[in-house]
Each structure stands twice: as C-alpha cells, then as structure tokens.
Amino acid sequence: MKKIYILFFALFATLSFVSAKNDKDVAYLFGVSFSHSDSIVYFTEIQPLEGVKLQSRSRILPDRQHYAYELKDYMNFAEGKPGRTSAIYFAKSRKKLEKVEAKIKKKILHKDNGSVRYLGDKFRFTLPSQ
C-alpha cells in the first residue's frame, strides 16, 4: 500500500514539474488603432511579449484590455489623436500573426479605401504589473 502512495506521489510530482516547466510562454501581439472619422489606421509592429502566461485551456492572453488601453493612451497623449479605438491581436506563433495582420491590412486598403501607417519603434507593449 505504501508503494502505491509513493508511486502516486512520484507521478503527481512529475506531472506538476512538466506543467510548471511550460508555465511562462512567449506570445506575439500587435495593435491597431482606428477612428470612424479618419481613413488612417495605425499599426504597431509585431512584438514578442515574453514572460506571459496564457490561460490553460483557451490559450487566451490574460489582461488583454490592458494592452488595448495602453495603445489607446499612447495614441491619445503621445500622438495627439484622441477618440480612437484600439484593438490587439495575439498568437503563439509569429507566422500566424503575420497572416492575420496581412488579412486586416488587405481589408483596410481594398475595401475601406483607408491607408495604413506603422508606429515603428515609438510604441512598445509592456507587461502589466502584478
């Protein structure tokens, strides 16, 4: 009986170690800032966000609203463009996110007759303080 408890404990410890090993991930994200009264849509560069822990089952980025508000505040105060709506897109893979970015840009350029501008290195996403 004692051996069963030891075996069970060893199995539990191994599974805990494996899940703790993949505790922190790298997610890639970019932001989009747009206004219904302006044809210019601002994009951030695709940025790696290291040290973020995605939600276990859904693989959703926690504190998503933090990153959107961070971009919105930057556009309001640093760029002087108030009243813009900001959205973020994220993925575990940079290639998947590049496909999403291309699809959004294509829609803006062809369907909405808008123009795309990149913020470049001026804006960087930061992890929220815990």
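The values are calculated or read from the model by the stated rules, or taken from the named source; none is laboratory data. This structure is a prediction, so every number in the text was calculated from the model and none was measured. Heads up, the Cβs are rebuilt from the backbone with ideal geometry, glycines too, and the neighbour counts pull from every protein chain shown.
What are the residues in segment 100-130 that are within 24 Å of Asp63 (Cα to Cα) and either surrounded by fewer than 11 Cβ atoms within 10 Å (Cβ to Cβ) or of a type in the set (A, V, I, L, M, F, W, C) (or both), if any? Val100, Ile104, Leu119, Gly120, Asp121, Phe123, Phe125, Thr126, Leu127, Ser129, Gln130 - these are the residues of segment 100-130 that are within 24 Å of Asp63 (Cα to Cα) and either surrounded by fewer than 11 Cβ atoms within 10 Å (Cβ to Cβ) or of a type in the set (A, V, I, L, M, F, W, C) (or both). Comparison of Ala20, Ala13 shows that the only residue that is part of a helix (DSSP H, G or I), within 25 Å of Pro128 (Cα to Cα) and modelled with pLDDT under 80 is Ala20. Just so you know, in segment 82-130 the residues that are among the aliphatic types (A, V, I, L, M) and over 17 Å from the mean Cα position of the chain (by Cα) include one that is modelled with the highest pLDDT, and it is Val116. Residue under question is Lys72, and the condition is that it be surrounded by fewer than 16 Cβ atoms within 10 Å (Cβ to Cβ) and either within 19 Å of Ser129 (Cβ to Cβ) or of a type in the set (Lys, Arg) (or both); does it hold? Here the answer is no, as Lys72 does not meet what is asked. Of the residues making up segment 71-130, those that are more than 21 Å from Ser39 (Cβ to Cβ), of a type outside the set (A, V, I, L, M) and in a loop (DSSP other than H, G, I, E, B) are Lys92, Ser93, Arg124, Phe125, Thr126, Pro128, Ser129, Gln130. Test Asp25 against the criterion of being closer than 28 Å to Lys92 by Cα, out of contact with any Phe, Trp or Tyr (no Cβ under 9 Å at 6 or more places or on another chain), modelled with pLDDT of 60 or more and not β-branched (Val, Ile, Thr), and give yes or no. So Asp25 fits the description; yes. In segment 29-63, which residue that is β-branched (Val, Ile, Thr), assigned to a loop (DSSP other than H, G, I, E, B) and surrounded by 12 or more Cβ atoms within 10 Å (Cβ to Cβ) is farthest from the chain's Cα centre (by Cα)? Out of the qualifying residues, it is Thr44.
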